[in-house]
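Let me begin by presenting the structure, written as structure tokens, before commenting on it.
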Amino acid sequence: MTQYQIAVIVGSLRRDSLNRKLANAIVKLAPSDFSFKQVNIGDLPLYNQDEDDHQTEAVKRIKAEIKAAHGLLFVTAEYNRSIPGVLKNAIDHASRPYGQSAWTGKPAGILGVSVGANGTAMAQQHLRNVLAYLDIQTLGQPEAFLQDKDGLFDQDGQIGAHSKQFLQAWRDRYVGWVKQHAA
């Protein structure tokens, strides 16, 4: 049986991030042949093309973690109707220098949770545009724009009963997508 390694990229650095909470909870719904590793993006310097030939150890680390993964899971907040700067910074670092992208061909899924009713819809759309350019094979349906309200998480921080069926259906499609597209 193949063991699928998934790199999880959380687009929020906040200690009590709802999206980190979602990332931690969704992995518990995964089948036993999937394992997940959150990629630390908080220690990356701001991207500067002048440094492409002298990448920091943090940049080399995330590129290696992404390259080693069979698939990607982006769990992102929405800031000002787009993706957080820290996420874009990580994407840019791992895609450079030109022709040496760690992202190419990886299957990916996108989730996001927000207190707003739109539940990260705009951020996810912007992220899809960026990922398409990087030749990341992104799961199109079902989309998951989650609003943080009673029942999304239970008292233990796991997916709540009211949300579990929807997120298990999303997980099933994601698992199939990774198995179909993983190299």
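The values are calculated or read from the model by the stated rules, or taken from the named source; none is laboratory data. What you see is a predicted model, and the numbers here were worked out from it, not measured in a lab. With ideal geometry, Cβ positions are generated from the backbone for all residues, glycine too; neighbour counts draw on all protein chains shown.
In table form, for the structure just shown:
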item: Residue pairs meeting the criteria (Cβ under 6 Å; at least 6 apart or on separate chains; first of a type in the set (Asp, Glu), in the range 130-151; second in a strand (DSSP E or B) and at pLDDT 90 or above); result: 148/113
item: Some residue of the range 139-148 being at pLDDT 95 or above and surrounded by 13 or more Cβ atoms within 10 Å (Cβ to Cβ); result: yes
item: The range 1-30, residues that are in contact with a helix residue (DSSP H, G or I) (Cβ under 6 Å, 6 or more places away or on another chain) and either surrounded by fewer than 18 Cβ atoms within 10 Å (Cβ to Cβ) or charged (D, E, K, R) (or both); result: 13, 29
item: Scope the range 66-83; condition of a type outside the set (A, V, I, L, M, F, W, C) and buried (at least 19 other Cβ atoms within 10 Å of the Cβ); matching residues; result: 70, 71, 76, 78
item: Only one of 113, 178 that is surrounded by 13 or more Cβ atoms within 10 Å (Cβ to Cβ) and in contact with a Pro (Cβ under 7 Å, 6 or more places away or on another chain); result: 178
item: Members of the range 12-60 found to be in a loop (DSSP other than H, G, I, E, B), under 18 Å from residue 98 (Cα atoms) and polar (S, T, N, Q), listed by number; result: 48, 55, 56
item: Filter result (surrounded by 12 or more Cβ atoms within 10 Å (Cβ to Cβ) and either under 27 Å from residue 179 (Cα atoms) or not acidic (Asp, Glu) (or both)) within the range 152-166; result: 152, 153, 157, 158, 159, 160, 162, 163, 164, 166
item: Single residue of the range 92-139 satisfying the filter (in a loop (DSSP other than H, G, I, E, B) and among the polar types (S, T, N, Q)) that is farthest from residue 14 (Cα to Cα); result: 100
item: Check on residue 25, out of contact with any Pro (no Cβ under 6 Å at 6 or more places or on another chain), among the small types (Gly, Ala, Ser), touching a residue at least 40 places away in the same chain (Cβ under 8 Å) and closer than 18 Å to residue 136 by Cβ; result: no
item: Subset of the range 28-54 [of a type in the set (S, T, N, Q), more than 23 Å from residue 121 (Cα to Cα) and either touching a strand residue (DSSP E or B) at 6+ places or on another chain (Cβ under 9 Å) or without any contact (Cβ under 8 Å) to a residue 40 or more places away in the chain (or both)]; result: 32, 35, 40, 48
